[in-house]
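Shown next, in structure tokens, is the structure this report addresses.
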Amino acid sequence: AQSVTQLGSHVSVSEGALVLLRCNYSSSVPPYLFWYVQYPNQGLQLLLKYTTGATLVKGINGFEAEFKKSETSFHLTKPSAHMSDAAEYFCAVSDTVQGAQKLVFGQGTRLTINP
Amino acid sequence: IAGITQAPTSQILAAGRRMTLRCTQDMRHNAMYWYRQDLGLGLRLIHYSNTAGTTGKGEVPDGYSVSRANTDDFPLTLASAVPSQTSVYFCASSLSGGNSPLHFGNGTRLTVT
């Protein structure tokens, strides 16, 4: 069975500082990994995904994540936080090859940006 | 604008009542999903559908039913609501395949009293 653990339910950084949101997964097969962002009163939007190939994945809004198989991690980073990055972030894993994408989500990390 | 429409936006429901949450997509995606979001638990899959005419159970299916009569619509029914079903419900859709991202609606906030 797959699972996702996001370390830290709440992360607070200053504007302009590095953002690091941690995600560890477990999967019995090579996984597909995703980061989604949720702004208040909205659904989730895809930030980036890892499927195969290059382990450093770039997404929207300056975010990137690195797949490290040896550490079973997929941490999300952004070099310089902006006030508009304040949101909730979800890491998700899937081992689906065909058919419906049955994602397993982490519990989420709320990111607060201090001026 | 292409996307997913959920209705209602919010609802207060008495325990024991029946309720159907509506979901429509116009992206011609094969797969559709219902998730519930609860604080500290992230999103959990309730039911999904690979294609029109087929449905499957997710992680937390008890107390919920779905149907998929056509590609666009995927309603979620609570036959007899209970307070533990108070949650925010998200409908999503995707192309088939493991690397296809999900597209989410804006959610339905349901309170069962």
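The values are calculated or read from the model by the stated rules, or taken from the named source; none is laboratory data. A quick note: this is a predicted structure, and the numbers were derived from the prediction, not measured. Cβ placement follows ideal geometry from the backbone for every residue including glycine, while neighbour counts extend to all protein chains displayed.
Structure notes:
- Selection status of A:Glu15, more than 11 Å from every other protein chain (Cβ to nearest Cβ) and either touching a helix residue (DSSP H, G or I) at 6+ places or on another chain (Cβ under 7 Å) or free of Cβ contacts under 8 Å to residues at least 12 places away in the same chain (or both): yes
- Exactly one residue out of B:Thr77, B:Thr111, B:Thr71 is farther than 30 Å from A:Gly8 by Cβ, part of a strand (DSSP E or B) and polar (S, T, N, Q), and it is B:Thr77.
- Every listed requirement among (1) in a loop (DSSP other than H, G, I, E, B); (2) without any contact (Cβ under 8 Å) to a residue 24 or more places away in the chain is met by A:Gln45 save one, (1).
- Given (1) in a strand (DSSP E or B); (2) facing chain A (nearest Cβ under 7 Å), index of the condition B:Ile46 fails: (2)
- Note on the range A:61-115: residues that are over 21 Å from A:Ala17 (Cα atoms), more than 14 Å from every other protein chain (Cβ to nearest Cβ) and of a type in the set (Phe, Trp, Tyr) total 0.
- Filtered by the rule that a residue be surrounded by 21 or more Cβ atoms within 10 Å (Cβ to Cβ), under 13 Å from the mean Cα position of the chain (by Cα) and among the hydrophobic types (A, V, I, L, M, F, W, C), the range B:54-101 gives B:Val66, B:Phe74, B:Leu76, B:Phe90, B:Cys91, B:Ala92.
- The range B:84-103 residues that are without any contact (Cβ under 8 Å) to a residue 60 or more places away in the chain, paired with ones that are assigned to a helix (DSSP H, G or I) and surrounded by fewer than 21 Cβ atoms within 10 Å (Cβ to Cβ) (beta carbon under 9 Å, 6 or more apart): none
- As a summary of the residue check, B:Asp26 satisfies the conditions (1) over 30 Å from A:Gly8 (Cβ atoms); (2) surrounded by 14 or more Cβ atoms within 10 Å (Cβ to Cβ) except for the one numbered (2).
- Tally, over the range A:67-100, of residues that are at pLDDT below 95, surrounded by 15 or more Cβ atoms within 10 Å (Cβ to Cβ) and assigned to a loop (DSSP other than H, G, I, E, B): 5
- On the stretch given as the range B:26-52, residues that are farther than 12 Å from B:Phe90 by Cβ, of a type outside the set (Gly, Ala, Ser) and within 12 Å of the chain's Cα centre (by Cα) total 2.
- Sole residue being of a type in the set (D, E, K, R) and assigned to a strand (DSSP E or B), chosen from B:Arg28, B:Arg22: B:Arg22
- Taken over the range B:80-104, the criterion of being at pLDDT below 95 and assigned to a loop (DSSP other than H, G, I, E, B) is satisfied by B:Leu95, B:Ser96, B:Gly97, B:Gly98, B:Asn99, B:Ser100, B:Pro101, B:Leu102.
- Exclusive hit being free of Cβ contacts under 8 Å to residues at least 60 places away in the same chain, of a type outside the set (A, V, I, L, M) and under 12 Å from A:Tyr25 (Cβ atoms), set A:Lys102, A:Lys69, A:Lys58: A:Lys69
- Residues within the range A:14-36 that are surrounded by fewer than 19 Cβ atoms within 10 Å (Cβ to Cβ) and of a type in the set (A, V, I, L, M), tallied: 4
- Of the residues examined, A:Ala17 is one that is assigned to a loop (DSSP other than H, G, I, E, B), farther than 22 Å from B:Ala92 by Cα and at pLDDT 95 or above.
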